[in-house]
Amino acid sequence: MLGVNGTPFQPATLQLTGIPGMQRGHAWVALVFCILYLISIIGSLSILTLVAQEPALHQPMYCFLSMLSLNDLGVSLSTLPTVLATFCFNHRHVGFDACLVQMFFIHTFSFMESGILLAMNFDRFVAICDPLRYATVLTNSRILAMGLGILTKSFITLFPFPFLVKRLPFCKGKVLHHSYCLHPDLMRVACGDTHVNNIYGLFVVIFTYGVDSAFILLSYALILRAVLAIASQEQRLKAFNTCMSHICAVLAFYVPIITVSMIHRFWKSAPPVVHVMMSNVYLFVPPMLNPIIYSVKTKEIRRGILKVLYKSQS
């Protein structure tokens, strides 16, 4: 991969990869991905429609849930073109600039999800620890400001990534390890000085995932203390139950991230299929699980779904 003057250059296209060792089973893999996409997209759209149509769901908690559903749609739609092209049509090439755009949106929506989960955690904290001020603290204007703040923070933080990658020459081939573009994957095939990319990437991870998860843990410690101070066991269980959906969503998001990080750091000799599968879990499982979690664990969402189904049958 040398230019006219013998120096490394950026390729016009990059080659995407399916799942190592499963080349013969790509039809089944494509079917699985299509099912995951259908569940994610239909589930997120259903929650958005339900919250918009049901006046009883025009509350702060469901506004944040709508943000989460919009973000899950963004994650799914960001990966969908190249994943379907790779597994359904065996088209494995993506333009270099298009790859950078996809990388930016995948990482931006991922970091936004962490911020939205933190905002939803703040909603539960106020509802349990200071319920009398819930309506005055979480006003529509503040919810909008929080949503715009999460969007702005993620956009500004991730904006330098495409330009940091664009400045690098690529001399280690052009084959990526996934069916979509990620920053760490691009760093594996780039050459030159990648210290700035790696240091900035570590800073962004700590500044987002690290800070958000620390605040979520601290908030739940305060929530637990407030719940245990309630005299009635029935009221304690009711308070815990209002947090279960959010706790499940947090676990669905952070457990794959922590697992990917641990494998990358402490099991570098793991087969390539392990790294690829865990990255797929990290990107595809939360958008699929979130609509299911909130449909099963939230009574108001269940009522709304049953009401819509009843109307459609009538």
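Miscellaneous remarks
- The set of residues from the range 146-178 being in a loop (DSSP other than H, G, I, E, B) and either of a type in the set (A, V, I, L, M, F, W, C) or open to solvent by less than 10 Å² (accessible area, probe 1.4 Å) (or both) comprises Phe159, Leu168, Cys171, Leu176.
- The criterion of being surrounded by 14 or more Cβ atoms within 10 Å (Cβ to Cβ), among the aliphatic types (A, V, I, L, M) and over 30 Å from Phe33 (Cβ atoms) does not hold for Ile199.
- Once the range 12-29 is narrowed to residues that are of a type outside the set (Ser, Thr, Tyr) and at pLDDT 85 or above, the residue that is nearest to Asn280 (Cα to Cα) is Leu16.
- Taking the criterion of being of a type outside the set (A, V, I, L, M) and either open to solvent by 10 Å² or more (accessible area, probe 1.4 Å) or part of a helix (DSSP H, G or I) (or both), the residues of the range 179-196 that qualify are His183, Pro184, Asp185, Arg188, Cys191, Gly192, Asp193, Thr194, His195.
Here's the yes/no breakdown for (1) aromatic (Phe, Trp, Tyr); (2) without any contact (Cβ under 8 Å) to a residue 60 or more places away in the chain:
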| position | (1), (2) |
| --- | --- |
| Ala119 | no, yes |
| Tyr134 | yes, no |
| Gly147 | no, no |
| Val175 | no, no |
| Asn198 | no, yes |
| Val205 | no, yes |
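- Every residue from the range 202-245 that is closer than 23 Å to Tyr294 by Cβ, open to solvent by 20 Å² or more (accessible area, probe 1.4 Å) and of a type outside the set (A, V, I, L, M): Tyr209, Ser213, Phe215, Tyr220, Gln235, Arg236, Lys238, Phe240, Asn241, Thr242
- Failed item, numbered, when Leu148 is tested on (1) more than 23 Å from the chain's Cα centre (by Cα); (2) under 27 Å from Asn71 (Cβ atoms); (3) of a type outside the set (S, T, N, Q): (1)
The values are calculated or read from the model by the stated rules, or taken from the named source; none is laboratory data. As the structure is a computational prediction, the values presented were derived from the model and not from experiment. Every residue, glycine as well, gets a Cβ built from its backbone with ideal geometry; the counts of neighbours run over all protein chains shown. Protein only, heavy atoms only, side chains kept; ligands, DNA and RNA dropped before computing areas. Shrake-Rupley method; radii C 1.70, N 1.55, O 1.52, S 1.80 Å.
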